[in-house]
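Where a number appears in this text, it was derived from the coordinates with a stated rule and is not lab data. The model shown is predicted, which means the values in this text are computed figures rather than measured ones. Please note: Cβ atoms are built from the backbone with ideal geometry, for glycine as well, and neighbour counts cover all protein chains shown.
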Amino acid sequence: MLIIGGGAVGTSTAYHLARLGCKGITLVERGSLASGASGKGSAIVNVGVWHASKPLVKMLVESIDVYNNFSNRIGGNSGFVQSGWIGLSGHDREAQIRRISEIERSLGADTRILSLDEVNLLVPGLFTDDLQVAVYESRSGYADTLETTTSFADQAAKLGARILTETEVSKIRVENGRAIGVDTNKGHIDARKVVNAANVWAPKLLHDIGVEVPITPVRKQVCTFKLPKQYGRIQRAIDDFVGDLYMRPEGDYTLAGEIETPGTPTDLQNFPAGFDNDIALRLARKLRHRYPAMASAINRGGYSGPYDVSPDGHPILDAAPGIKELYIALGFSGHGFRFSPATGRLMAEFIMNGKTEGIDIKEFRLSRFNEGKLIQPLA
């Protein structure tokens, strides 16, 4: 078994395969663990994906439970902070949020509607005059991408997996219609099965062997801001749908990014890893509006991350068409980290048993795009 990609999805898949008794697992990563998309995200762990389907919500509920009990469920440390998560909205989304919140509760999510008075108690200092409704998840929060990814890999290694970093795959080897291994910068590696979980680097590897996936690599940016200590700091993870803004604590800083503004299609060969000044200024304006004390904050830098965006913004979890023993786990569109505990379990079960327990992954098939059956949100 060979897994391409040392991010949260790849390492979680390696761990869960090993836990199911799979032998001879090798995971290869082109850089260091979590050095790609996993290490460049916000790492917010919540259910509040408004365009999610029932299987996706179930995956998030499972993943949040794992993050809350990571040392017992997986081993090691995820750096998870149960800060709680709040979603803020105006009149335009009130009915939708109330309806979706009810459905999510029926699927096991810890979510409830808040009054604006309750919001002010949970996050003193927010500007709420343009808000109408809020939703709260007390068990949600944020994690550490490097600690999580490393812990998945370490636990997989304890169960016999081999983890190879600085090992870049140049080609998936196919013989008689079957994946038989990969070529890397360090030589050939043979395998009976191959899993491509290489995020934005996955499509080219698939294209080169005749498998097309509709993935667009885009660049998304986040910035950090620091307030003087006398002004306090944000204690919760917050999605502001009125201002198209998310924020969460990052040590003594506040990390911020945009929720719905699309990323910029990017060239992976010339990917700018930093952040743009105009984005930092735009985020600063949005932060000052929602949290007026941020007028005294200064920008402390930022970074960019690559998103593997699919046409419906949701993952592809499937066997590759036309090539036996080749599997794909990509297209998370910026949400892969929060899903990774459940994704790893489901991919491992699918590969080992041909079926999954508790959550049907049929809707994540690659063929849905050609069938015109994109994943439909709850409401």
Cα point-scatterer Debye curve for the range 33-91, base-10 log of I(q)/I(0) at q = 0.13, 0.31 Å⁻¹: -0.43, -1.25
Taking Cα atoms only, helix 336-353 is inclined relative to the longest principal axis of the chain by an angle, in degrees rounded to 10, of 30 degrees
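Taking a 29 Å limit on the Cα-Cα distance, which of the listed pairs 229/286; 204/286; 158/186; 40/204; 58/229 fall beyond it? Walk me through the numbers before you get to the answer.
On the way: 229/286 21 Å; 204/286 37 Å; 158/186 24 Å; 40/204 21 Å; 58/229 39 Å.
Cα-Cα > 29 Å for 204/286; 58/229; rest within.
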Calculated on alpha-carbon atoms, Rg and Dmax of the range 34-166 in Å: 17.2, 56
How far is helix 94-106 tilted, in degrees, relative to the longest principal axis of the Cα atoms in the chain, given as a value from 0 to 90 rounded to the nearest 10? 50 degrees
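What is the gain in length, in nm to one decimal, between residue 77 and residue 19 on full extension, counting 0.36 nm per residue of separation less the C-alpha to C-alpha distance?
Numbers: separation 58, 0.36 × 58 = 20.88 nm, distance 1.76 nm.
Taking residue 77 through residue 19 to full extension adds about 19.1 nm, to one decimal.
Kindly provide the trypsin sites (Lys or Arg not before Pro) of the range 106-186 that DSSP labels as loop, not H, G, I, E or B, and whose Cβ sees at most 12 other Cβ atoms within 10 Å.
Sites meeting the loop and neighbour criteria: 186.
Tell me, what are the semi-axes, in whole angstrom and largest first, of the equivalent ellipsoid of the chain as set by the roots of 5 times the Cα gyration tensor eigenvalues?
Working: eigenvalues 251, 94, 75 Å².
Result for the chain: semi-axes of 35, 22, 19 Å.
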Using label points projected 7 Å from each Cα along Cα→Cβ, tell me how many nm separate residue 362 and residue 231, to one decimal. 5.3 nm
How far apart, in nm, are two points set 7 Å out from the Cα along the Cα-to-Cβ line at residue 95 and at residue 208? 5.2 nm
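Take the alpha carbon gyration tensor of the range 311-379, find the square roots of its eigenvalues, order them as a ≥ b ≥ c, and report rounded if a/c is under 1.5; if not, report prolate when a/b exceeds b/c, else oblate.
Oblate, because a/c is 1.5 or more while a/b does not exceed b/c.
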Give the separation of the Cα centroids, the range 227-289 to the range 327-379, in Å. 28 Å
Just report the Cα centroid separation between the range 291-314 and the range 89-112, whole Å. 24 Å
Enter the angle in degrees (range 0 to 90, nearest 10) between the Cα long axis of helix 277-290 and the first principal axis of the Cα atoms of the chain, meaning the one along which they spread out most. 50 degrees
